[in-house]
Amino acid sequence: MRKFLPLLKGIVKIRICNGQSERFFNLCMARGMALWDLTEDSDGSFSCLLSVEDFFRLGPVRRKTKVHIHILEKHGLPFFFVKNRKRKAFFAGILCCGILLFLLSGRIWNIHIEGNRINSTPEILKFLDDQGISHGIRKNQVSCSAIASQIREEYPETAWVSAKVKGTRLIITVKEGKYQTDVSKDKNIPCSLCAEKSGRIIKMVTRAGVPLKKTGDTCKTGEILVQGRLELKNDDQEIFRYEYVHADADIYIKRKLPYYAELPVEYEKEVPLQKEKKGCFLKVGNLYLEWGETTQKGWKRLLEEYPLRLTENFVLPVSAGTITLTQYEKKKIIRKKEDAKTEAFRLLQEYEKNLMEKGVQISANNVKIEVDHKTCISSGTLEIIEKIGKEVPVEQLELSKERTTENG
């Protein structure tokens with residue numbers, strides 16, 4: 001850094017010969033002139049570097065010591081400007097570039113979204129674009145608090161949102177929570193729990209409300225399991241008031257889920273051959289240009305597109321890509337009995353995996369796989385355990401009508 005700063009004012013490399021060299025250096029030191037990279041040549045002369053400002057102060061010292069000074073090299077910004085003073089377009093370009101960088105630094109050129117899993121980044125970017133937040137917007141038009149509020153309002157499953165501007169980047173951090181219905185958002189809203197599926201209750205833990213069923217009972221779709229209405233009685237066991245609560249319980253049922261799948265024993269399979277053809281394409285907006293082989297019958301066409309990006313999420317409407325044509329032929333494949341059963345079992349396991357990812361437990365598998373000359377059929381039932389309990393509005397009763405009914 002110490003050597004770099006003098007370049008802004010200019011540096012001169014000189015040669016000092018003849019005269020009183022030692023006295024020359026002593027006088028320079030006494031007058032505060034900085035000389036560096038001092039070397040002695042074979043002929044007794046000296047070479048060194050000094051600033052342009054100190055170079056113009058050497059006149060009195062040179063005359064007193066009778067030395068000869070020769071300029072060897074010139075470095076620094078002043079000499080660069082003098083050398084290129086006729087290149088007006090070059091300096092105009094530097095000035096325009098500086099002004100352009102200054103103007104561009106006041107806008108947002110990269111919108112970065114992190115922490116999102118349920119809602120994809122393109123989906124959130126599309127929503128922000130509809131709200132007027134897009135690449136190229138001025139920084140003073142961006143309200144981080146408003147952006148966070150709009151995202152939370154548009155995506156209810158979002159538990160927390162943070163937005164901040166850093167340089168020319170808008171960084172949005174999203175924390176997603178478990179989706180809840182409008183009824184379950186406010187625990188003060190009275191509701192009951194009903195069965196959205198039929199089955200046998202194997203576990204029931206009630207935290208709020210009156211359970212109308214118990215473990216071991218069967219329930220039907222739409223039947224109320226936990227009532228959100230409490231009956232308050234006096235000493236004569238007469239109802240004098242109703243109190244309504246938000247029913248809350250963990251209810252698990254066991255039920256049978258039918259399963260049926262058919263797998264053909266004979267099918268057609270596309271077998272790729274070794275022959276391939278290559279091509280490329282260029283896409284600019286709605287303009288599409290292609291070079292190479294066109295699609296032919298019996299050939300598969302694979303396109304790989306590479307869009308031009310300025311930043312992570314700032315994609316220009318320009319892209320290029322490659323085209324690969326692969327020749328294939330269709331062959332009839334006949335599965336063996338063992339292979340058909342293996343494939344049918346794999347499909348069954350994939351179905352069970354999808355159920356377990358939704359929180360369903362499988363307690364028993366009663367599916368049989370049978371193969372005839374045309375089809376492999378998987379049929380039967382799966383005994384599953386799943387959590388139920390749909391929140392529904394609680395029925396409001398009037399006390400006078402209830403007493404009238406009891407007295408009648």
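In table form, for the structure just shown:
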quantity: Residue match in the range 14-28 (condition: under 25 Å from Phe81 (Cα atoms) and either surrounded by 12 or more Cβ atoms within 10 Å (Cβ to Cβ) or among the small types (Gly, Ala, Ser) (or both)); calculated: yes
quantity: Pairs where the first residue, in the range 198-213, is at positive phi and the second is among the aromatic types (Phe, Trp, Tyr) and surrounded by fewer than 17 Cβ atoms within 10 Å (Cβ to Cβ), C-beta under 8 Å, 6+ apart; calculated: none
quantity: Candidate set from the range 2-46 (those that are assigned to a helix (DSSP H, G or I) and among the polar types (S, T, N, Q)); member that is nearest to Glu73 (Cα to Cα); calculated: Ser21
quantity: Residue count, the range 75-124 (criterion: without any contact (Cβ under 8 Å) to a residue 24 or more places away in the chain and not acidic (Asp, Glu)); calculated: 26
quantity: Subset tally (residues that are over 17 Å from Val52 (Cβ atoms) and in contact with a helix residue (DSSP H, G or I) (Cβ under 7 Å, 6 or more places away or on another chain)) for the range 78-92; calculated: 1
quantity: Flag for Ile251 being touching a residue at least 12 places away in the same chain (Cβ under 8 Å), of a type outside the set (Phe, Trp, Tyr) and within 24 Å of Gly359 (Cα to Cα); calculated: yes
quantity: Checklist (1) free of Cβ contacts under 8 Å to residues at least 40 places away in the same chain; (2) under 30 Å from Lys374 (Cα atoms) applied to Glu305, failing item; calculated: (2)
quantity: Number of positions in the range 101-124 that are surrounded by 15 or more Cβ atoms within 10 Å (Cβ to Cβ), farther than 13 Å from Val174 by Cα and either among the polar types (S, T, N, Q) or modelled with pLDDT of 90 or more (or both); calculated: 1
quantity: Among the candidates Gly292, Gly279, Gly285, residue that is at pLDDT below 90 and touching an Asp or Glu at 6+ places or on another chain (Cβ under 7 Å); calculated: Gly279
quantity: Pair list, Cβ < 8 Å and 6+ apart or interchain, from the range 383-408 residues that are closer than 17 Å to Leu212 by Cβ and modelled with pLDDT under 75 to residues that are not hydrophobic (A, V, I, L, M, F, W, C) and not in a strand (DSSP E or B); calculated: none
quantity: Filtered residues of the range 196-233 (kept if charged (D, E, K, R) and closer than 20 Å to Leu257 by Cα); calculated: Glu196, Lys197, Arg200, Lys203, Asp217, Lys220, Glu223
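One line per residue, one yes/no per condition, for (1) surrounded by 15 or more Cβ atoms within 10 Å (Cβ to Cβ); (2) part of a strand (DSSP E or B):
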{"position": "Ile202", "(1), (2)": "no, yes"}
{"position": "Lys213", "(1), (2)": "yes, no"}
{"position": "Gly222", "(1), (2)": "no, no"}
{"position": "Leu225", "(1), (2)": "yes, yes"}
{"position": "Leu232", "(1), (2)": "no, yes"}
{"position": "Tyr242", "(1), (2)": "yes, yes"}
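The values are calculated or read from the model by the stated rules, or taken from the named source; none is laboratory data. Remember, predicted model here, so these are calculated numbers, not experimental data. Quick reminder, even Gly has a Cβ in these numbers, built from the backbone with ideal geometry, and neighbours come from all protein chains shown.
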